[in-house]
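**Student:** Supplied in C-alpha cells, the structure appears directly below.
Derivation of every value follows stated rules applied to the coordinates shown; laboratory data play no part. What you see is a predicted model; the values in this text were computed from it and never measured. Cβ atoms come from the backbone with ideal geometry, glycine included; neighbour counts cover every protein chain shown.
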Amino acid sequence: MHKCLLFSDLHITAPGETIIGLDPSARFSAALDQALRHHPDARQLLILGDLTHTGHPQEYARLRDLLTDCPVPVTATLGNHDDRAAYFSAFPGAARDANGFAQAALDIGPCRVLLLDTLDESGVHTRHAGYLCDARLDWLRARLAKAPDRPTLIAMHHPPVRTGFDGMDRIRLCNDAAFLALLRAHPQVRQLVCGHVHRAISGNHAGLAWSILKSPCHQMPMLLGADGSGHSVDEPGGYAIALLDAETMILHAEDVTPARPVGQSSHS
Ligand SMILES: [Fe+2]
C-alpha cells in the first residue's frame, strides 16, 4: 500500500512563545522525528492547516527551518490561524492553484489526494469558520471530473460535519451543504480527513467516512456539548499514517509522548 504522513494544527509560534506552557515547535519536531524514523517509506507528508498560531512571518520562517531537512515531499494547506500571503511569501514554491489558494491534487499510486484550502479571509463569515468560495469549489469539481476512476482522499482543515463539540461545530465549514453535495455526486471520494478540532475523531456522514486528526501540540478536552469551546489540554500530541490502495484507505492515529527529562522514570 502507498503511505502518507498526515499532520494538522502545528500552531508554530515565535521563539520563546508557548501555548498552555507547551512549545509547538518542540512538539512538532518530536512528532516529525518519530514519524520519519518509523515511516521512511512515506511518499508524502501532508499538513492540514493551522501551520502557525497567528500567521506572523516569523512563525512561518520557523516552520520553514523545521522542515528544511525533511526527506519526504511536503504539501500543505491552510487553516483559520494562518495568513495566506505570509505563508506564500515564506514558501514561494508551495503548492497553489491558479487562483492563489493552497490547493493541490496529488496522485499517489492508484489514488488521488485533493488538498483544499478552507481559510476564509473575506471577513464575511463567522470568524474562524471555514469557507470554500466558488473558485475553490470549481477547482475541486474540475479535479473530480478529471479522475472519476481514482479512489480519492479529500484533505482539508475545517470539517464540513458536526463533531458534538458545540463551539467547534459553530466554526466548521460554513458552506458544508454545497460541499457535501459536490462530494456525493462523485462516488470515487472514499474518505475525508480534517484538522481544526485537535482531537482524534472518526465518523460517517451520509455514507462518507471522515476522520479528524490530533494536533502534535495542544488537544481539545473531552467536554462534549456546550462545555467544549475554547479549552486546550496538555495530552499527548499526534499525527496519522494513511495507507492507500485501489480498494482500501486506512488511517492510523499515532500518539507522540513528549520526551521525559533524563533520569525521570516512566513509572514515577
Ligand atoms: Fe488549530
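**Student:** Looking only at the chain, where both bridge partners belong to it, what percent of the DSSP beta bridges are antiparallel (to the nearest 5)?
**Tutor:** 50
**Student:** Scan the range 57-156 for trypsin sites (Lys or Arg not before Pro) in coil per DSSP, keeping those whose Cβ has at most 10 other Cβ atoms within 10 Å, and list them by number.
**Tutor:** When the trypsin sites (Lys or Arg not before Pro) of the range 57-156 are filtered for loop state and at most 10 Cβ neighbours within 10 Å, ARG127 remain.
**Student:** Projecting each Cα onto the charge dipole of the range 97-193 (Lys/Arg +1, Asp/Glu -1 at the beta carbon, about the Cα centre), which of LEU153, GLY100, PHE179 comes out farthest on the positive side?
**Tutor:** The residue sitting most towards the positive pole is LEU153.
**Student:** Would you calculate a helix-derived [θ] at 222 nm for the chain, using -39,500 (n - 2.57) for each DSSP H run of n ≥ 4 and dividing by the full residue count, to the nearest 500?
**Tutor:** -6500 deg cm²/dmol
**Student:** Test of understanding: ordering HIS205, HIS158 by Cβ neighbours within 10 Å, fewest first, what list do you get?
**Tutor:** Fewest-to-most Cβ neighbours within 10 Å comes out as HIS205, HIS158.
**Student:** In the P(r) worked out for the chain, what percent of Cα pairs fall beyond 36 Å?
**Tutor:** Result: 8 percent of Cα pairs exceed 36 Å.
**Student:** Okay, moving on. For ILE241, ILE154, ILE47, what ranking results if the residue with the fewest other Cβ atoms within 10 Å of its Cβ goes first?
**Tutor:** With the sparsest Cβ surroundings first, the list reads ILE241, ILE154, ILE47.
**Student:** Give me SER215, SER202 sorted ascending by neighbouring Cβ count inside 10 Å, so fewest comes first.
**Tutor:** Ranking SER215, SER202 by Cβ neighbours within 10 Å, fewest first, gives SER202, SER215.
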